[in-house]
1. Please verify whether Ile318 is under 20 Å from Tyr126 (Cα atoms), aliphatic (A, V, I, L, M) and either surrounded by 15 or more Cβ atoms within 10 Å (Cβ to Cβ) or within 16 Å of ligand 2 (Cβ to nearest atom) (or both), treating the condition exactly as stated.
2. Among the residues in segment 55-73, are any exposed (fewer than 15 other Cβ atoms within 10 Å of the Cβ) and among the hydroxyl-bearing types (Ser, Thr, Tyr)?
3. Could you go through segment 192-199 and let me know if any residue there is within 30 Å of Asp12 (Cα to Cα) and in contact with a helix residue (DSSP H, G or I) (Cβ under 9 Å, 6 or more places away or on another chain).
4. Scan segment 235-253 for residues that are within 13 Å of Gln139 (Cα to Cα) and within 16 Å of ligand 1 (Cβ to nearest atom) and report the count.
5. Specify which of the listed residues (Ala244, Ala272) is in a helix (DSSP H, G or I) and modelled with pLDDT of 95 or more.
6. Would you mind finding the one in Gly96, Gly74, Gly102 that is without any contact (Cβ under 8 Å) to a residue 24 or more places away in the chain, closer than 17 Å to Met321 by Cβ and more than 23 Å from the chain's Cα centre (by Cα)?
7. Would you please name the residue that is farthest from Tyr315 (Cα to Cα), looking only at residues in segment 74-88 that are crowded, with 22+ Cβ neighbours inside 10 Å and β-branched (Val, Ile, Thr)?
8. Residues Thr121, Thr167: which one is touching a strand residue (DSSP E or B) at 6+ places or on another chain (Cβ under 8 Å) and either modelled with pLDDT of 95 or more or within 15 Å of ligand 1 (Cβ to nearest atom) (or both)?
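The values are calculated or read from the model by the stated rules, or taken from the named source; none is laboratory data. From a predicted model like this one, the values you see are computed outputs, not experimental measurements. No Cβ is skipped: glycine too gets one built from the backbone with ideal geometry, and neighbour counts run over all protein chains shown.
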Amino acid sequence: LTLLGIESSCDDTAAAVVRGTDILSSVVHTQTALHADFGGVVPEIAARAHAEKLDYCVEQALDDAGLRLEQLDGIAVTSGPGLIGGVLSGVMCAKGLAAATGLPLVGVNHLAGHALTPRLTDQLDYPYLMLLVSGGHCQFLIVQGHDSYQRIGGTIDDAPGEAFDKTARILGLPQPGGPSVEKAAQTGDAARFDLPRPLLHQPGCDMSFSGLKTAMLRARDRVIAEKGGLTAQDQADLSAGFQAAVSDILIEKTRRALAIYLALQPSCPAFAVAGGVAANSAIRQGLQALCAERGVQCIAPPLRLCTDNAAMIAYAGIERMQHGETDDMTLSARPRWPLDQMAAPMLGSGK
Ligand code: ATP
Ligand code: FE
């Protein structure tokens, strides 16, 4: 099957063409610059920018793939969760294309897109353990099928991506925060600041990141009070301390999640990480080392497939179509849509 994928749930407008597990094209138009002055994504600005850029991204994706719409088997679109205006723009665009061509329309859960990415990039059978760690989410899932997810723990407050972004703002580093904090951390001393690792020694796989955010703010204010400002070395040390704390939490909790998953005795145990924060090399390396120690295959998709993209949406759409699932023109945009309720009757209007 060859599908066009459309993604517009946050601040990236994206379109891609995927055939089976081959990515024929993947266009991502990021809005970072548009939101730079506002300290976060402004929903109204995002929705308008998606509406403006979607046609261009779709055309570009088709051009790059060397295909016309009529040569496709379907159109997959993120139908939630996310900023409602953006999701609506994408769903309207996909409906227009489906109506014009008669191609099947397939609504995709954005988180399922992230969670199935390791199957797009690697040979990976169900069930596998997934750490989905992104701008808005952080959860351990046992992925049992394209529409079957068992959540075994996750953040009880903020997501790490959001904490990276907040930390960058606190330290005066550019957005998105993940890459700039990671870069600053390279020359930093992680041991200089004593930062908390909430819930680290509590049983279970739940995590908390909001206390860490507050601790970062206090640590920065202490430095400023002492020295009157932040030097590049202060920024580096604070970044390194923050990254080490997030990484420690994610790795310790993954150790516990692996124990739960391995007790299910999967025949080829595999762990996969996805979402924007999975682009962080310190975190990737920590997870890879842990899996090597436990004899579990570890899959970390290439960076451009960790952050938001439409190839993952097209691929998740392919898996739905392979199961005979499509939607009709009543497909709606869902601002909230937890993965563990995927198979609930609300799922689109699929047959
Ligand atoms: P969600 O998928 O939860 O709806 P989202 O789509 O906004 O949220 P993603 O695009 O998956 O999230 O990820 C973006 C997040 O990843 C941002 O918070 C960004 O700071 C973070 N991120 C990107 N690169 C890195 C990195 N190298 N290290 C840490 N975090 C990173
Ligand atoms: Fe995302």
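1. Details: under 20 Å from Tyr126 (Cα atoms): yes; aliphatic (A, V, I, L, M): yes; either surrounded by 15 or more Cβ atoms within 10 Å (Cβ to Cβ) or within 16 Å of ligand 2 (Cβ to nearest atom) (or both): yes.
So Ile318 passes the test.
2. Checking segment 55-73: at least one residue is exposed (fewer than 15 other Cβ atoms within 10 Å of the Cβ) and among the hydroxyl-bearing types (Ser, Thr, Tyr).
3. Checked against the condition, which is being within 30 Å of Asp12 (Cα to Cα) and in contact with a helix residue (DSSP H, G or I) (Cβ under 9 Å, 6 or more places away or on another chain), segment 192-199 yields no hits at all.
4. Pass one, segment 235-253, residues within 13 Å of Gln139 (Cα to Cα): 249-251, 253.
In the following step, the residues that additionally are within 16 Å of ligand 1 (Cβ to nearest atom) were identified as 249-251.
So the count comes out to 3.
5. Checking each option against the conditions leaves just Ala244.
6. Being without any contact (Cβ under 8 Å) to a residue 24 or more places away in the chain, closer than 17 Å to Met321 by Cβ and more than 23 Å from the chain's Cα centre (by Cα) holds for just one of Gly96, Gly74, Gly102, which is Gly102.
7. Val87
8. On the way: Thr167 fails: touching a strand residue (DSSP E or B) at 6+ places or on another chain (Cβ under 8 Å).
After applying the criteria, what remains is Thr121.
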